Amino acid sequence: MMSMDLTLGIGTRVKHPQYGKGVVIQVYTDSYEITFLDYGIKTILKSFQGLEVLDFVSDETDLLSFEKVEKVFTRIIRKMSDIQEVVHMGNKWNAGVMILQPGDKSLKAKEIPIETFFHKIVMVRDRLRVMEQRINASKLTDEEKIDLQQYITKIYGSLTTFNTLFAEKDDYFVGDSK
């Protein structure tokens, strides 16, 4: 729990007994604005004794730009939740169609909009990320966690073929670089 004379700075990670984990995004004379994963932005009085400090940032630290705060918060959300981010498909694939042609010419080809296929690939990637988070948070031994992480890395490597569909390199699948 936090002491009354300690003033939290922007970016401090906290845990509230009702709202769970959050990040201080604004500091006022008598309160903090804290954004919580499941409850959004809440104003918490500085006098509230139930706030647990997880990662302290001094109030004397230079204030971060909104852009930096947004990047930090986005990383925290990715690590702590299974919220899907918006991922854009490369423009060259807009209105494109993927055709699956059976080897047997008497059978009809299947056409799938590339956008539909792309969104399925993004869902697979997001679910792999959630699986990674759950493995890291599990009570498995470190050796078991490493084994499972290596397996997931190999899965990412198998999916690198689909990187051509993404608009941004930051969204690419990255496998084992060996």
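Computed quantities for the displayed model
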| item | result |
| --- | --- |
| Complete set of residues in segment 145-175 that are surrounded by 12 or more Cβ atoms within 10 Å (Cβ to Cβ), part of a helix (DSSP H, G or I) and touching a helix residue (DSSP H, G or I) at 6+ places or on another chain (Cβ under 9 Å) | LYS145, LEU148, GLN149, ILE152, ILE155, TYR156, PHE162, ASN163, LEU165, ASP171 |
| Residue check, GLY40 assigned by TED's automatic domain parsing to the domain that holds ILE76 and either exposed (fewer than 13 other Cβ atoms within 10 Å of the Cβ) or at pLDDT below 90 (or both) | yes |
| Filter result (in contact with a helix residue (DSSP H, G or I) (Cβ under 7 Å, 6 or more places away or on another chain) and in contact (Cβ under 8 Å) with a residue 24 or more places away in the chain) within segment 96-115 | ILE114 |
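The values are calculated or read from the model by the stated rules, or taken from the named source; none is laboratory data. Treat the numbers as computed from the prediction; the structure is a model and nothing was measured. Because the Cβ atoms are built from the backbone with ideal geometry, glycine has one as well, and the counts that use them run over all protein chains shown.
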